[in-house]
1. State which residue is surrounded by the fewest Cβ atoms within 10 Å (Cβ to Cβ) when the search covers only region 32-53 and only residues that are under 11 Å from the mean Cα position of the chain (by Cα) and modelled with pLDDT under 95.
2. Among Ser87, Ser81, which is exposed (fewer than 15 other Cβ atoms within 10 Å of the Cβ), in contact with a strand residue (DSSP E or B) (Cβ under 9 Å, 6 or more places away or on another chain) and more than 12 Å from Ile35 (Cβ to Cβ)?
3. Which condition from (1) at pLDDT 95 or above; (2) assigned to a loop (DSSP other than H, G, I, E, B); (3) within 17 Å of Tyr98 (Cα to Cα) is the one that Lys78 breaks?
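The values are calculated or read from the model by the stated rules, or taken from the named source; none is laboratory data. None of these values were measured; they are calculated from a predicted model. When we count neighbours, we look across all protein chains shown, and the Cβ atoms used for this are built from the backbone with ideal geometry, even at glycine.
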Amino acid sequence: MLLRPTRLFLPLYLCACLLPIRGELAQAGETATEIRFENHHFVPQNLTVAAGQELVIKVVNASTETIEFESFKLNREKALSPGQTISVHLPALSPGNYDFYDDFHQDVPEGTIVAK
């Protein structure tokens, strides 16, 4: 049985296209930090990170209710179902404070990411 060239080369082409994306993430030197939502607050509530370095924040919803991780300063907004984990990719941050909060529950204390 002869395979058409497109069937043979399509998987190879797709893999070749995706490799640069994976390489860019690895080369960027991103570090992963975790923020958990449990007992109706974020842990840690204050997070210090290095300024000028890209980072990934893993947000874990360890509660039994849907939350929304939101930050105007970071331009991020994402709803998380109970038990869900997401990765928030951030560019190199300038020195400063970046607040985040649960937009679905106004009584939850705000958190802060401090880039130094």
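1. Checked region 32-53; the qualifying residue surrounded by the fewest Cβ atoms within 10 Å (Cβ to Cβ) is Ala32.
2. Ser81
3. (2)
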